[in-house]
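This report concerns only the one structure given below.
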Amino acid sequence: MTSNEELPSYPKFTTEQRKMVDQLSEGTIKRIDQALLSNASAQWSRTDRIVLTTMIELDNGMGLPNRYFLERIGHLVQEGLLESKGDLPCTRTSEVRLKGTS
């Protein structure tokens, strides 16, 4: 997936999850993005590893669903900070790495 492609379709949030996500501050979202980027590297890594490591570091994901972290990875790819291969919404078959570190 390149930064010019549309974000893939992720599973829908429940009403409760959507409410929690909608209440996140900009600072919290930036903290999550920074944690995701710090867990990525120049080498291809499975997306589920990046998500789970980040959730552990952030107090068990701050109660957020893991799909939110996956969605943030999609945004980081779209912003050109990460690159991905595989089916990004499927954490077991997709991989990401820091952009420009091939």
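Is it true that residue 47 is hydroxyl-bearing (Ser, Thr, Tyr) and surrounded by fewer than 17 Cβ atoms within 10 Å (Cβ to Cβ)?
Taking the combined requirement at face value, the residue does not satisfy it.
Looking at segment 59-73, can you tell me whether even one residue there is assigned to a helix (DSSP H, G or I), crowded, with 16+ Cβ neighbours inside 10 Å, in contact (Cβ under 8 Å) with a residue 60 or more places away in the chain and not basic (Lys, Arg)?
Yes: one or more hits.
Out of the residues in segment 20-34 that are in a helix (DSSP H, G or I) and touching a Phe, Trp or Tyr at 6+ places or on another chain (Cβ under 9 Å), which is farthest from residue 98 (Cα to Cα)?
20
Looking only at segment 74-88, count how many residues are in contact with a Lys or Arg (Cβ under 7 Å, 6 or more places away or on another chain), crowded, with 19+ Cβ neighbours inside 10 Å and among the aliphatic types (A, V, I, L, M).
Result for segment 74-88: 1.
Out of segment 89-98, which residues are free of Cβ contacts under 8 Å to residues at least 24 places away in the same chain and buried (at least 19 other Cβ atoms within 10 Å of the Cβ)?
If the condition is that a residue be free of Cβ contacts under 8 Å to residues at least 24 places away in the same chain and buried (at least 19 other Cβ atoms within 10 Å of the Cβ), then no residue fits.
Hey, among the residues in segment 1-25 that are exposed (fewer than 10 other Cβ atoms within 10 Å of the Cβ) and under 15 Å from residue 79 (Cβ atoms), which one's modelled with the lowest pLDDT?
Top of the filtered list is 4.
The values are calculated or read from the model by the stated rules, or taken from the named source; none is laboratory data. Source: prediction; values computed, not measured. Note that each Cβ is placed from the backbone with ideal geometry, even for glycine, and that neighbours are counted across all protein chains shown.
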